[in-house]
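Written below as structure tokens is the structure these notes are about.
What follows draws every value from the coordinates through simple rules; no lab data is involved. This one's a predicted model, so the numbers in the text were calculated from it and none came from an experiment. Note that each Cβ is placed from the backbone with ideal geometry, even for glycine, and that neighbours are counted across all protein chains shown.
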Amino acid sequence: MRRLLLTAAVATAAALTLTACGTTEPAKDDAKKSAEPLTLTDDTGAEVELDGPAKKVVGTEWNVVETLISLGVDPVGVADVKGYKTWDSAVPLKNDPKDIGTRGEPSVETIAGLKPDLIVATSDLPPAAVKQLRGIAPVLNLKAADAADPIGRMTKNLDAIAKATGTTARADTLKKGFEAKLAEGRKALADAGLGGAKYAFADGYLVSNQVQIRPFTSGSLIGAVNEKLGLKNAWSVKGDPAYGLGTTDVEGLTKLGEGVHFAHISNNDDDSSNPFQGALAKDKVWTSLPFVKKGDVHRLPDGIWMFGGPESMNQYVDALVKALTK
């Protein structure tokens, strides 16, 4: 699970009013309103009080970092900057944020030195660490994932961060774009005769010379997107209650049966992440699988963060449709 532990301000109503009326007064009023204190409630039930929309923001997890950048907020601090650049290409960093340490153990001292307006964390961070961070700045602690409603959770987190940063209009645009991408992808697959097709997505890695495979069940964000695209999840294994991820080995792949399209994501900058084209290449069980024999195994492009926000999911939809319909 180690890869789990991934404001260009919208034109305001004030500007529109200024153009229509030819006066600066409405603009002053809106500027005043935008600086008014905000009180939010995070997913732990804690109240988060801000002097106004947060500008200097630290993100302790890659999905919240992606969301911040998508909303036009360049974070001043990011956990594992190198890892983010490796695994999330949909929404690249536009600035040079301070690396605050690992996602599981960010540096309290480094974050304190940044003097942020807001720290956005997730439930993947230990409560003790969150408590320390609350001594530095307001912390918006969000539920990292929810297998009961993966897309809903992604959207809730987007809305919460948008409210804290005064970028709700941009959040609405992102949500509409995501819905349009799902509709576009579903139509493309249906037109290719793939509506209702059985599909299995996984990632895998080599640990101590043993291949471990993670099935993305219907409770995963990727799994939920697949079903919105009209695909049938071929995995029968049970996923965890947060991320909807299962665990299996190469023998477990034999349970997928016939007629399955298989896809995976690896990364050239992480040698352990590609057992499908590495350690399994000459494995007799792997090479005997029906989808392997048919050449129906698709490696999607590097840099699609499987646990990201709307823009990562848009990138995934494009890659998947291209792979299955080529």
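May I ask which residue of 307, 201, 107 lies farthest towards the positive end of the charge dipole of the chain, with charges of +1 (Lys, Arg) and -1 (Asp, Glu) on Cβ and the Cα centre as origin?
201
Sort all Cα-Cα distances of the stretch 13-166 into consecutive 5 angstrom bins from zero, then give the percent of pairs in each bin up to the one containing the longest distance.
Percent of Cα pairs in each bin: 2, 9, 18, 20, 20, 13, 8, 5, 4, 2, 0.
Hey, if you put +1 on the Cβ of every Lys and Arg and -1 on every Asp and Glu Cβ in the stretch 13-166, which of 141, 123, 60 ends up farthest toward the positive end of that dipole?
Projecting each Cα onto the dipole axis, the largest value belongs to 60.
Starting from the Cα of residue 156, draw a straight line to each of the aspartates and glutamates and keep only those under 12 Å, dropping any in the same chain fewer than 8 residues away.
Partners within reach: 42, 43, 146, 172.
Straight-line reach from residue 293: which aspartates and glutamates have Cα under 12 Å away, leaving out those fewer than 8 places along the same chain?
Cross-link targets: 258.
Would you pull out the residues with amide H under 5 Å of residue 261's amide H, same chain only if 5 or more places away, H placed 1.01 Å from N?
Placed amide hydrogens put 198, 199, 200 under 5 Å from residue 261.
Take the cross-link list 131/175; 198/255; 85/282; 198/326 and give me the ones stretching past 21 Å between alpha-carbons.
131/175; 85/282
About its Cα centre, how strong a charge dipole does the stretch 13-166 have in debye, to the nearest 20, once Lys and Arg get +1 and Asp and Glu get -1 at the Cβ?
220 debye
Quickly estimate the mean residue ellipticity at 222 nm for the chain, helices only: each DSSP H run with n ≥ 4 gives -39500 (n - 2.57), and the total goes over all residues, rounded to 500.
On the way: 12 runs with 123 residues, N = 326.
Here the helix-only value at 222 nm equals -11000 deg cm²/dmol.
Count the DSSP beta bridges whose two residues both fall in the stretch 13-166, then state the antiparallel fraction as a percent rounded to the nearest 5.
30 percent
Run through the DSSP bridge list for the chain and note the antiparallel percent, rounded to the nearest 5. Intermediate results must be reported in sequence, preceding the final value.
Working: 13 of 35 bridges.
So the antiparallel bridges amount to about 35 percent of the total.
May I ask you to evaluate 6.51 cos²θ - 1.76 cosθ + 1.60, the Karplus curve with θ = phi - 60°, for each residue of the stretch 246-261 and list the ³J(HN,Hα) values in order in whole Hz, giving x for glycine and proline?
Values per residue, Gly and Pro as x: x, 9, 7, 10, 4, 5, x, 5, 5, 6, 5, x, 8, x, 9, 8 Hz.
I'd like the Karplus ³J(HN,Hα) series for the stretch 177-185: coefficients 6.51, -1.76, 1.60, θ = phi - 60°, whole numbers in Hz, and an x wherever there's a Gly or Pro.
Per-residue couplings from phi come out as x, 5, 4, 5, 5, 4, 5, 5, x Hz.
Counting pairs of Cα atoms in the chain, how many percent are more than 38 Å apart?
On the way: 10892 of 52975 pairs.
Cα-Cα pairs of the chain separated by over 38 Å account for 21 percent.
Could you work out the local net charge near residue 285, counting Lys and Arg as +1, Asp and Glu as -1, over the other residues with Cβ closer than 14 Å to its Cβ?
Numbers: positive: 255, 282, 284, 293; negative: 249, 251, 283.
Every neighbour counted, the sum reads +1.
Taking θ = phi - 60°, what integer Hz values does the Karplus form 6.51 cos²θ - 1.76 cosθ + 1.60 yield along the stretch 264-281, in sequence order, with x for Gly and Pro?
Using θ = phi - 60°, the values come out as 8, 10, 10, 7, 5, 8, 9, 4, 7, 8, 10, x, 5, 10, x, 4, 8, 3 Hz.
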